[in-house]
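A short worksheet on the structure shown next.
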Amino acid sequence: MSQTPSPIGLHKQLDAIWRTPPGLARLSSVNHTILGKRFMALALLFFAIGGLLSMLIRAQLATPNSAFLGPDIYNQIFTMHGTVMMFLFAIPMFEGFAIYMLPKLLGARDLAFPRLTAYGFWCYLFGGSILIIAMLAGVAPNGGWFMYTPLSSKPYTPGINADVWLLGITFVEISAVTAAIELFVTILKMRAPGMALTRMPLFAWYMLVTAGMMIIGFPPLILGSILLEMERAFHLPFFDPTRGGDPLLWQHLFWLFGHPEVYIIFLPAAGALSTIIPVFAQRPILGYRAIIAAIVAMAFLSFGLWVHHMFTVGIPHLALAFFSAASALVAIPTAVQIFAWIGTLASGKPRWDIPMLYVFGFFAVFVCGGLTGVMLAMVPFNTQAHDSYFVVAHLHYVLVGGFVFPMLAAIYYWLPHISGRQSLYRLSIPAFWLILIGFNLTFFLMHLTGLMGMPRRISTYPSNWGWDWLNLLSSVGGFILTMGFALVLADMVLQFRFGARFRRDPWQAGTLEWATATPPPSYNFAAIPHMDTRADQLRPARIGPTLAGGDGYLGFARNGEQETLAVDMMSGDAEQLIVLPRRSYLPLWTAMATASFFLALLFKLYWLAPFGALATLVLFLCWPIGLGSKSDRGPIDIGRGLAVPPDVEAPDNVTVLANRTALVMNGTLFASLLFGGLFLLVVAPNWQGSSAPTLPLWAGALAVVASLSAAGASAMAARRPGSVLPLRAGLVAAIALQVLALTLLALSMGALGDPTGHARQAVPFVTLGYAALHCGLGAIMAAHALWRHAQGYVSARRRTELVLARLWNGYAGGVVVLALGLVALLGLNGVAP
Amino acid sequence: MPLVRLVAGFVIWSAGFVVLYAVQALGCAYGWGDWHRPVLIGLYLLALAPLSWLAIPARAGAEEGPLHFAALWANRAALLAAVLIFMPVTFASLCV
Amino acid sequence: MFKPVALGATPLLLTGCTGALSTLDPAGPRAANLATLWWVMLYGSALLFALVIALFAMAYLRPAWVARITPVQWIVGGGLVLPIPILILLTGTALVLGEQLLPRGDAPLRFGAHAERWQWNFTYPDGREMSDDVLHIPAGQPIDVAVSSADVIHSFWVPRLGGKIDAIPGHENLIRLEADEPGTYWGQCAEYCGPGHDSMWFRIEAHTDEDFTALMEGGQ
Ligand code: HEM
Ligand SMILES: [Cu+2]
Ligand SMILES: [Cu+2]
């Protein structure tokens, strides 16, 4: 590194390391820029599909007594519209946006786990395809996007339709789970040195909170889907009221996810607004610290609102009051942000440009949606408006106002970054007015239709209720809206073809992503900058050329390795050198194996499913092969006179943090399961006189002892990484003990009594099954550590594998204790009220 | 850890929320009768105690910084949320 | 799936917000309360909406008017001082109103509404089934309806008399309604329940006290 190459030479060297070759090799790409673009492109395709479906809905409802679509088809269409828009458009769209943007905003060369990004993308593609193919085959889900039981249970949906939803969506959810963990870890650990947490651009704060919400919010839905699929496939009762289940449990689990979900969709969009508005106001955002407090408040409050979707199910007024008050109060942090944005404009020197047009659209539409949201939070009014077209209007004002308009602003703002060309302007303005007018015509009238008594999800209506004109106008509005979207699409295509090229930073922005060349190179930054100020007040046009010249951290190509930095979570001091894994087909193969598991369940080839799961597991175990290091390297030069250890030698590296995060997520799933069991015990009908589960006491006690000892043994191994014998003995003991615990738990599952008879047996059955599974995982993690140790990847300083074994075995031990506790509680005589 | 402080108030708020909601349901299911509301009010006050403490600015000389400011206000928001959202335990119908 | 209802006989009102299923055309004290709540919220919301849009517009069109507002004023004024009192007042009122609407206190006549895909079966307070798919109630006094379901979730909604309540298998829910005048009030299933959901209407006939007593006795 004595003589620095020219910027072009440096580019060539780095690109040779980071690039994805053309042709079939694209399938092996793990690069966040490429995958972010793929996520967004696919999400936009699904948006088009969802939009097409909404046109069918509006065509059907334009006139009374319409015979265009019958109820059977209509039900599939509105279900698919909602499902596609929520799960296949909105969530993946912001994920893709964050995947593309975050490393560039934070000053990293990629995300923490590039192969996981790719795996997530394939899961999204395959899972989404299952849904679309099912729709083309005429067996799409038809239970509405929230799939209420018992309508979605076997007796009332005997066909494959509900399974398509449960399995397809769970498959897609894998990509949300991986993205959440990865984004969370990346934001906390992989920033440019000097970027303390309090110097992060607000978008990173928004995404940090969003990722945290996903970590807590998605498990209830995943659990609910698993339970409902088990009820459908294997007759285990959880939701069937005749066998001790309760349809309300599904509603709780679904909305425990479903309400935070709306905020999970809104927050990234708000993050984009907080980035765009200061640029056009030509001043820094107002109230940086207040906004951080507001999004934290919003994140937590949004978990205390879910019952506002259940105000009419017959819950006591006190409980409704909690949720009603929380739903109203969540408007306060929203108001803080709205006024911070307006204040930023008012106290700056605001200029107009296309993105601001859409920001204006956001204000006009979203504020309306927020106000109707407060109305719906009032229980008495809700009993009239719930499940009527008023709600359809409200939810579109919130989702289109709070997500689609900001995303359109973001497209106009950031598409030049992707294309390297500037917007053309000629189509964007008429497109905006078509969208704004079309949207309001379509949906404003729906408030009225709803108040005049039109329930949602009806395929047709007679002409005597007074809804005819409103519906016709709504449909006209819908088609105007679609024309607007078509113009935006055309505008995007034209920009790629004819837009004028520019050098850097066309908007005079303040954030780091504009310091890359455009379109961005495969490695983002030839050198990683040092941050001395808040990272939303930079001069990208000035920094960019410096970095391209290799002036900064890691401004060189070394050993052909993909190097980037990790920092201390809080202070942002450079802490570790991360060597990222290279491109690989493994994510694709693993996702295919996962697909075989889901398809086997979908087509009821239950003998095949375990093989699919096994193949997935084996392939995942292949991921670490060749990663890591067989010798201690000590601190390594990273430029600017600094040297830091490689991440495998750091005690708190991204892998450990990611596993901790995954365990929190997993723990939320388990907590939801425990909640489900207790809920059924206290609330569900038909528990009086049910027979208690029978558990051989010795087996349970022994399983607890074995699993806790395994946790202890693996902890001991982790504490003595240097000495071979205790380490190996500890890990072998952990494996043996977990296998013993697993066997005992399996025995107990068999002894419980018929799990298909009553929820009182079914709940212990799955709880013990979950515990047994985690004993197995504990054993596997211990075996993995043993294997890596045998290969020489583990040393006194390189002990990540040991820490992981300790974490997972400790988790398994805790789960066994709690699981048996729940079973014991359900076994007590006379607990059912 | 300032990050812990940032979420501390709302973690307590969440715990209070879950406990109150659970006690409301348990009291109805198992027929606690006249004891039900006093227990709820007791828990309400119990939740307010740590939240009030968090809402007071750190004593002079303690760490300062943007995150502490954000944490202080997040904790104050949590206190306000607890006061208002849990308030219905004092009057709303428990089991109807 | 033919429904024996005389659709032609329903009042054909297209003007304004009236209509046989309109929540804004209340025909009883409970629905009237809900409609009042709606109008109050509508006017309040319109004001708040106008305020936000006006501030946004001023930032561009009359920057001098808003340039002097300080950051703290924006955030504390707009984010806290403005919404908090409004929300407390509104939520408090709604909760008090909600308490008054609850079906409790001295129990009035209790009717039954049992949903089954895709129709409603009604019973008199004495348990007798109503023969004609119509729920007969007395006008001018509050009545309770116990709502239940035989299969999937439905929802019992008579917009002109009051809000809705879900019919959930395994549970029984109560709702209190009241009609001011004798007459016909239309209702429908509001929770999606499968392919027949869009035709799951029903009718409530409210009678004068004498007529209702005669009906009750007539069946015995
Ligand atoms: C492109 C313009 C759109 C139009 C014209 C439209 C139209 C509609 C209509 C008419 C319904 C009611 C169907 C029924 O109840 O029978 C509906 C439901 C729904 N829409 Fe949209 N929509 C649009 C965009 C979106 C977007 C962007 C999202 C979300 C990001 C979305 C999410 C939903 C959801 C979740 C439902 C509920 C589905 C259900 O009841 O299961 N829509 N839409
Ligand atoms: Cu919600
Ligand atoms: Cu129904």
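Going Cα to Cα from C:K164, which aspartates and glutamates come in below 16 Å? Please leave out same-chain ones fewer than 8 positions away.
Once the sequence-local aspartates and glutamates are set aside, what remains near C:K164 is A:D387, C:D25, C:E99, C:D144, C:E172, C:E178, C:E191.
Restricting to bridges with both residues inside segment C:110-219, how much of the DSSP beta-bridge set is antiparallel, in percent to the nearest 5? Walk me through the intermediate numbers first.
Numbers: 23 of 34 bridges.
Bridges in segment C:110-219 are about 70 percent antiparallel.
When chain B is modelled as a GNM with alpha-carbon springs shorter than 10 Å, which of B:W35, B:W13, B:W73 fluctuates the most?
Evaluated over chain B, the most mobile residue of the options is B:W35.
At 1.4 Å probe size, what's the solvent-accessible area of A:I226? Round to the nearest 10 Å².
70 Å²
Under the Karplus relation 6.51 cos²θ - 1.76 cosθ + 1.60, θ = phi - 60°, what is the ordered set of whole-Hz ³J(HN,Hα) values for segment A:188-193, x standing for Gly and Pro?
Taking θ as phi minus 60°, the curve returns 6, 10, 10, 10, 5, x Hz for segment A:188-193.
Which lysines, if any, have their Cα less than 20 Å from the Cα of A:K604, not counting same-chain residues under 8 positions apart?
Cross-link targets: A:K154.
Convex hull over the alpha-carbon atoms of segment A:722-833: what's its volume per residue in Å³?
Dividing the Cα hull volume of segment A:722-833 by its residue count gives 95 Å³.
With an 8 Å Cα cut-off and a minimum separation of 6 or more residues, compute the relative contact order for segment B:2-90 in percent.
Result for segment B:2-90 is 50 percent.
In a GNM of chain B with a 10 Å cut-off on Cα contacts, which of B:L46, B:L20, B:L80 has the highest mean-square fluctuation?
Taking springs between Cα atoms under 10 Å, the residue moving most is B:L46.
As an exercise, take the mean of 1/r over every pair of distinct alpha carbons in segment A:80-228, invert it, and state the Kirkwood radius in angstroms.
Hydrodynamic radius (Kirkwood, Cα pairs) of segment A:80-228 is 16.4 Å.
Rg and Dmax of the protein assembly as shown over Cα atoms: what are they, in angstrom?
30.1, 107
Any idea how far the Cα center of segment A:530-599 sits from the one of segment A:76-133, in Å?
20 Å
Within straight cross-link reach of A:K37, meaning Cα distance under 16 Å, which lysines are found once same-chain residues fewer than 8 apart are removed?
A:K104
Quick one: check the C-alpha center-to-center distance for segment A:697-730 versus segment A:250-324, whole angstrom.
42 Å
Enumerate the calculated ³J(HN,Hα) couplings along segment A:57-64 in order (Karplus 6.51 cos²θ - 1.76 cosθ + 1.60, θ = phi - 60°), each rounded to whole Hz, writing x wherever the residue is Gly or Pro.
Going residue by residue, I get 4, 5, 5, 5, 8, 4, 10, x Hz, with x marking Gly and Pro.
For C:G187, which sequence-distant residues (separation of 5 or more, or a different chain) have an amide H within less than 5 Å of its own amide H, given hydrogens modelled in the peptide plane?
The answer is C:F202, C:R203, C:I204.
Just the projected area, averaged over all directions, of the convex hull on the alpha carbon atoms of segment B:2-90: how many nm²?
Value for segment B:2-90: 5.7 nm².
Mind grabbing the accessible area of B:H68 for me, 1.4 Å probe, Å², rounded to tens?
Roughly 50 Å² of B:H68 is accessible to a 1.4 Å probe.
Give the Cα extents of segment C:110-219 along the principal axes, in whole Å, largest first.
39, 25, 21
Pull up all non-local amide H partners of C:I137: gap of 5 or more, or a different chain, and H-to-H distance under 5 Å with H placed in the peptide plane.
C:E205, C:A206, C:H207
Hey, what number do you get for the protein assembly as shown at 222 nm if only DSSP H runs of n ≥ 4 count, each worth -39500 (n - 2.57), divided across all residues, to the nearest 500?
-20000 deg cm²/dmol, from helical runs alone.
May I ask what percent, to the nearest 5, of DSSP beta bridges between residues of chain A are antiparallel? Intermediate values should be presented prior to the final figure.
Details: 12 of 13 bridges.
Looking only at bridges with both residues in chain A, the antiparallel portion is about 90 percent.
When the convex hull of the C-alpha atoms of segment A:1-124 is computed, what volume per residue in Å³ does it have?
Spelled out: Cα convex hull of segment A:1-124, divided by residues, is 144 Å³.
Please report, in cubic angstrom per residue, the volume enclosed by the convex hull of the alpha-carbon atoms of segment A:697-786.
Expressed per residue, the convex hull around the Cα atoms of segment A:697-786 is 70 Å³.
Hey, what did chain A get for relative contact order, percent, Cα under 8 Å, at least 6 apart?
The normalised contact order for chain A reaches 16 percent.
With +1 on the Cβ of every Lys and Arg and -1 on the Cβ of every Asp and Glu, and nothing else charged, how large is the dipole of segment A:176-323 about its Cα centre, in debye rounded to the nearest 20?
For segment A:176-323, the charge dipole is close to 700 debye.
Do any chymotrypsin sites (Phe, Trp or Tyr not before Pro) in segment A:323-362 lie in a DSSP loop with no more than 15 other beta carbon atoms within 10 Å, and if so, which?
Taking segment A:323-362 and a limit of 15 other Cβ atoms within 10 Å, the loop chymotrypsin sites (Phe, Trp or Tyr not before Pro) found are A:W352.
Percent relative contact order of segment A:1-116, based on C-alpha pairs within less than 8 angstrom and at least six residues apart?
Once divided by the residue count of segment A:1-116, the mean separation gives 38 percent.
Hey, got the Cα dimensions of chain C along the principal axes, in Å, largest first?
79, 39, 34
Select from C:D126, C:D106, C:D180 the residue whose mean-square fluctuation is largest in a Gaussian network model of chain C (Cα-Cα springs shorter than 10 Å).
Result for chain C, Cα springs under 10 Å: C:D106 fluctuates most.
When the Kirkwood hydrodynamic radius is evaluated over all pairs of different C-alpha atoms of segment A:62-130, what value in angstrom, to one decimal, is obtained?
14.9 Å
Can you give me the C-alpha center-to-center distance between segment C:23-94 and segment C:131-204, rounded to a whole angstrom?
Result: 34 Å between the Cα centres.
Amide H of C:D151: which non-local residues (sequence gap of 5 or more, or other chain) have their own amide H closer than 5 Å, using H built in the peptide plane?
Residues meeting the criterion, in which the H sits 1.01 Å from N, are C:R117.
Only bridges with both residues in chain C count here: give the DSSP antiparallel percent, nearest 5.
70 percent
What translational diffusion coefficient, to the nearest whole µm²/s, does segment A:651-827 have by Stokes-Einstein, given a Kirkwood radius computed over alpha-carbon pairs, a temperature of 4 °C and 1.567 mPa s viscosity? Intermediate values should be presented prior to the final figure.
Values: Rh = 16.8 Å.
So the translational diffusion coefficient is about 77 µm²/s.
The values are calculated or read from the model by the stated rules, or taken from the named source; none is laboratory data. A quick note: this is a predicted structure, and the numbers were derived from the prediction, not measured. For neighbour counting, all protein chains shown are included, and Cβ atoms are generated from backbone atoms with ideal geometry for every residue, glycine included. Accessible surface areas use protein heavy atoms only, side chains included; no ligands, DNA or RNA. Shrake-Rupley method; radii C 1.70, N 1.55, O 1.52, S 1.80 Å.
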